[in-house]
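K.L.:
A single structure is presented below for examination.
The values are calculated or read from the model by the stated rules, or taken from the named source; none is laboratory data. These figures come from a predicted structure and were not determined experimentally. Counting neighbours? That spans all protein chains shown, and the Cβs are built from the backbone with ideal geometry, glycine included.
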Amino acid sequence: MKYRLLEHTADAMVEVYGQDLEERFENAAYAMFDQITDLSKVEVKGELKIILDAESREQLLVDFLQELLFVQDLQDFVFSKFEVSTDGKKLEAMCAGEKFDPTKHTKRSIVKGVTYHRLEFDDKQSKVTLLFDV
């Protein structure tokens, strides 16, 4: 299981799993785009490379997801595959997907942003809890 949706009154809160930091970042991106559309219908037709630096892994995760949302908003591109390399302060990622096609893809939610509110890394349980502003 990559993630599970947690109960939240207004936004989408998820608990993301991964054996290492890279897998948790990948699954966080997957969880975010799975709120936007059914990722089983998203094919790999294009790629985007992202390189980021941050002061903390929390900031790096938020910056990474915000960058993906920016591309999604600007180019109407949805991502379904993620390969992340990170040490918690530097990140390199290859993200793959395709342009959103309303005849092929179902619109689920509009994710407006990622917040620091309730963002928590739990290394003992290999998970991250985060909140998407929908």
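K.L.:
Within the group Glu98, Glu58, Glu92, which residue is at pLDDT 95 or above, surrounded by 14 or more Cβ atoms within 10 Å (Cβ to Cβ) and out of contact with any Asp or Glu (no Cβ under 8 Å at 6 or more places or on another chain)?
P.N.:
Glu58 is the lone residue from the list that is at pLDDT 95 or above, surrounded by 14 or more Cβ atoms within 10 Å (Cβ to Cβ) and out of contact with any Asp or Glu (no Cβ under 8 Å at 6 or more places or on another chain).
K.L.:
Is there a residue being touching a helix residue (DSSP H, G or I) at 6+ places or on another chain (Cβ under 8 Å) and in a strand (DSSP E or B) anywhere in the range 21-42?
P.N.:
No, the range 21-42 has no match at all.
K.L.:
Residue under question is Lys41, and the condition is that it be exposed (fewer than 15 other Cβ atoms within 10 Å of the Cβ) and over 15 Å from the mean Cα position of the chain (by Cα); does it hold?
P.N.:
Yes; evaluated as a whole, the condition is true for this residue.
K.L.:
Additional query: Could you please find all residues in the range 10-29 being among the small types (Gly, Ala, Ser) and more than 19 Å from Asp133 (Cβ to Cβ)?
P.N.:
Gly18
K.L.:
Within the range 55-73, can one find any residue that is in a loop (DSSP other than H, G, I, E, B), among the basic types (Lys, Arg) and touching a residue at least 60 places away in the same chain (Cβ under 8 Å)?
P.N.:
No; the residues of the range 55-73 include none that is in a loop (DSSP other than H, G, I, E, B), among the basic types (Lys, Arg) and touching a residue at least 60 places away in the same chain (Cβ under 8 Å).
K.L.:
Assuming Thr9 fulfils every condition listed in (1) of a type in the set (S, T, N, Q); (2) in a strand (DSSP E or B); (3) modelled with pLDDT under 95 apart from one, which condition is it?
P.N.:
For Thr9, the failing item is (2).
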